[in-house]
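Below is one structure, written out as C-alpha cells, with a few remarks after it.
The values are calculated or read from the model by the stated rules, or taken from the named source; none is laboratory data. Keep in mind it's a predicted model, so treat the numbers as computed, not measured. Note that we place each Cβ from the backbone using ideal geometry, even for glycine, and neighbour counts take in every protein chain shown.
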Amino acid sequence: MSKGVDEIFRRAKEGQPLFVERNALSPEYVPDRLPFRDEQAGAVAEVLAPVLHDSKPSNLLLYGKTGTGKTAVARYVISRLRKEAEIKQLATAYVNTRLANTEYRTLALFADALGLPQEKRIPFTGLAIGEVMDRIFEHIRLTEARVVLVLDEIDYLVKTFGDETLYKFTRSNERLSPGFVALVGISNDLKFKEGLDPRVLSSLSEEEIVFPPYTVDELREILTARAKTAFRPGVASPAAINLCAAIAGSEHGDARRAIDLLRIAGEVAEREGLREIDDTCIRRASDKMEHDRVEEALRSLPIQNKAILLAVSKFKSGTNTGELYLAYANICRRIGIEALTQRRVSGILAELDLLGLIEASVVSKGRRGRTKKIQLLIGSEALQKTLLEDAALASLE
DNA sequence: CCTCCACTGGAAACCTAGGCTC
DNA sequence: GAGCCTAGGTTTCCAGTGGAGG
C-alpha cells in the first residue's frame, strides 16, 4: 500500500508539472478573446451599449446548443461593460436557472447578486414568491439600480415553472424608473419560445442572437489557444489537440466538453509523470469523464433511490415493477428503513431512466398485464461498490 | 373480436421542514 | 406562540390501457 503512495509522490516530484495555468481550462475561465465569437459578442455589446448612456437596453435572447459559447460571450461582454460603465448604480447578475433548480432559488440568487441589505436577505425557504419579488423590486427602486440580469438556461425555468416570473420582470420597468432590469436570456432549446405567453415573448426577444456549433477546426483553434496559456510549451502537441477536438466535435461541437477533456488528459499525463499528453491519456480522460459522471450521479442519489437501484442490480437479466418492488421492500426491511409505495417506486424508476442509469420502458404482456421492463445500464459490480459506500447500506455488505 | 391482467400515470391531498408576521 | 406561507417529497385513489390468450 504505502509503496504505491511513495511511488506516486516520487513520480510527482520527479516529473515537472505540466500545467502553468490550470485555470485556463476551467469551466469558469473567461479568456481575453473569444475566438469565432466576435460577431456574437459584438451584437450583444451593441444591444447592451445604451446602459452606458443610462438608458434601458432591449431585452435579449441568446440561442444555441450546449458549449457553443453563449455563456462565455454573455459573461465576457458583461465584464467589459462593468469596466466601461461609469454609472455607480450598475448591477449585473448571472443566474443559471437549472442549477438554481427552483423559481424561488433563482430569485434568491438574483437577490444575492444585487446585494440586498442584511435585514432584507432572502432566506432559503419560507417566503412567498411574491414577497421575494417585492423585496427585489423594492431594493431596485430605492437604490435606482440599473440591472442587467443574465438568466442562463432560461428554457428550463419556463418549462418547469411557467413564464409568470418572466412576465413580472418584463412588466416591472415602469415602476422602477429611473432604475431598470434588462434581461439577457440564454437558451439551449431553439423551440422554447413556442410555449411562451406572446406578451412575454415580444418583450423578451426584442433582440435575438444565434450561436452556431463550433466546427472541429474551430475547436482545434480554441484548444490550441487555451493550451498555450494552460500548459508548458510542448505538453499538448498538435496531434493531441486534434484528437480532443475530434472527440468533442463528434458530439456536436461542444467546446466545454473539449476543454474539459484536454484538462483531464493533462491531469492524467501529469499523474503518470509524462512529459506530454499522448493519445492514451486522452482516451483515458474520455473514459474517466463518463465514469465520473455516473459515479457522481450515484453518490448524490437519495437513500431510497439507492435502495431501488441496488434492487435492480440483483436482477442480472432485467425485471419488472412488481418483482422489483418485492426485492426493494426486502432491502428496506434489512436496513431498517420505511419502504415507499409502489406508485412512488414507479415514479423513481422513471427518474432513474431519465438519468441514464437504467432503462425502464413500458411493455405490455397481454393477459399478464402491463409493466415496466427494467434493465441496468451500468456495470452492476461498480454500481454495488459505489452504493455500498453509503453508511446506511453498508450493512448489506 | 373481447377480456382482463398488472400495472401506469394523472390528480389531489398530505406531511415535513423551514420561515414569515403579529 | 399561533397561524399563516412555501417547496418538495410522498401517499391515496383511481381511471386508463396494450396486447396475449381465449
Practice task
State yes or no: is A:Ala230 over 21 Å from the mean Cα position of the chain (by Cα), closer than 29 Å to A:Val95 by Cβ and among the hydrophobic types (A, V, I, L, M, F, W, C)?
Solution key: yes
Handout entry: Residue check, A:Gly249 over 20 Å from A:Glu381 (Cα atoms), free of Cβ contacts under 8 Å to residues at least 60 places away in the same chain and assigned by TED's automatic domain parsing to the domain that holds A:Lys365
Key = no
Exercise for the section: Check whether at least one residue in segment A:167-175 is over 21 Å from A:Val47 (Cβ atoms), within 16 Å of DNA strand B (Cβ to nearest atom) and either touching a residue at least 12 places away in the same chain (Cβ under 8 Å) or out of contact with any His (no Cβ under 7 Å at 6 or more places or on another chain) (or both), and report yes or no. Expected result: no
Problem - Qualifying residues in segment A:353-397 (those that are over 19 Å from A:Gly318 (Cα atoms) and within 16 Å of DNA strand C (Cβ to nearest atom)) - the one surrounded by the most Cβ atoms within 10 Å (Cβ to Cβ) - result: A:Leu393
Fill in the blank from the handout: If we ask which residues in segment A:357-381 are in contact (Cβ under 8 Å) with a residue 40 or more places away in the chain and small (Gly, Ala, Ser), their number turns out to be 1
Problem - Selection within segment A:332-350 - away from DNA strand B (no atom under 11 Å from the Cβ) and part of a helix (DSSP H, G or I) - result: A:Cys332, A:Arg333, A:Arg334, A:Ile335
Problem - When residues of segment A:351-367 are limited to those that are part of a loop (DSSP other than H, G, I, E, B) and over 14 Å from A:Ala307 (Cα atoms), the one nearest to DNA strand B (Cβ to nearest atom) - result: A:Lys365
Exercise for the section: Could you list all residues from segment A:292-308 that are surrounded by 14 or more Cβ atoms within 10 Å (Cβ to Cβ) and part of a helix (DSSP H, G or I)? Expected result: A:Val294, A:Glu295, A:Ala297, A:Leu298, A:Ile303, A:Gln304, A:Asn305, A:Lys306, A:Ala307, A:Ile308
Exercise for the section: Tell me which residues, restricted to segment A:333-352, are more than 7 Å from DNA strand C (Cβ to nearest atom) and buried (at least 18 other Cβ atoms within 10 Å of the Cβ). Expected result: A:Val345, A:Leu349, A:Leu352
Handout entry: Only one of A:Ala311, A:Ala227 that is surrounded by 15 or more Cβ atoms within 10 Å (Cβ to Cβ), assigned by TED's automatic domain parsing to the domain that holds A:Glu389 and in a helix (DSSP H, G or I)
Key = A:Ala311
Exercise for the section: Would you confirm whether any residue within segment A:89-102 is crowded, with 21+ Cβ neighbours inside 10 Å and under 19 Å from A:Ala43 (Cα atoms)? Expected result: yes
Problem - Test for A:Ala93: is it touching a Phe, Trp or Tyr at 6+ places or on another chain (Cβ under 9 Å) and either of a type in the set (A, V, I, L, M, F, W, C) or in the same structural domain as A:Tyr156 (by TED's automatic domain parsing) (or both) - result: yes
Exercise for the section: Consider only pairs whose beta carbons are under 7 Å apart and that are at least six residues apart or on different chains; among these, list those whose first residue lies in segment A:227-241 and is basic (Lys, Arg) and whose second residue is modelled with pLDDT under 90 and surrounded by 21 or more Cβ atoms within 10 Å (Cβ to Cβ). Expected result: A:Arg232/A:Leu18
Practice task
Report, ordered by the first and then the second residue, all pairs with beta carbons closer than 8 Å, sequence separation of six or more or different chains, a first member in segment A:22-33 that is under 19 Å from A:Cys244 (Cα atoms), and a second member that is crowded, with 16+ Cβ neighbours inside 10 Å and among the aromatic types (Phe, Trp, Tyr).
Solution key: A:Asn23/A:Tyr29
Practice task
Determine if segment A:183-198 includes at least one residue that is under 21 Å from the mean Cα position of the chain (by Cα), β-branched (Val, Ile, Thr) and surrounded by fewer than 14 Cβ atoms within 10 Å (Cβ to Cβ).
Solution key: no
Exercise for the section: Might you let me know whether segment A:249-269 holds any residue that is modelled with pLDDT under 85 and part of a helix (DSSP H, G or I)? Expected result: yes
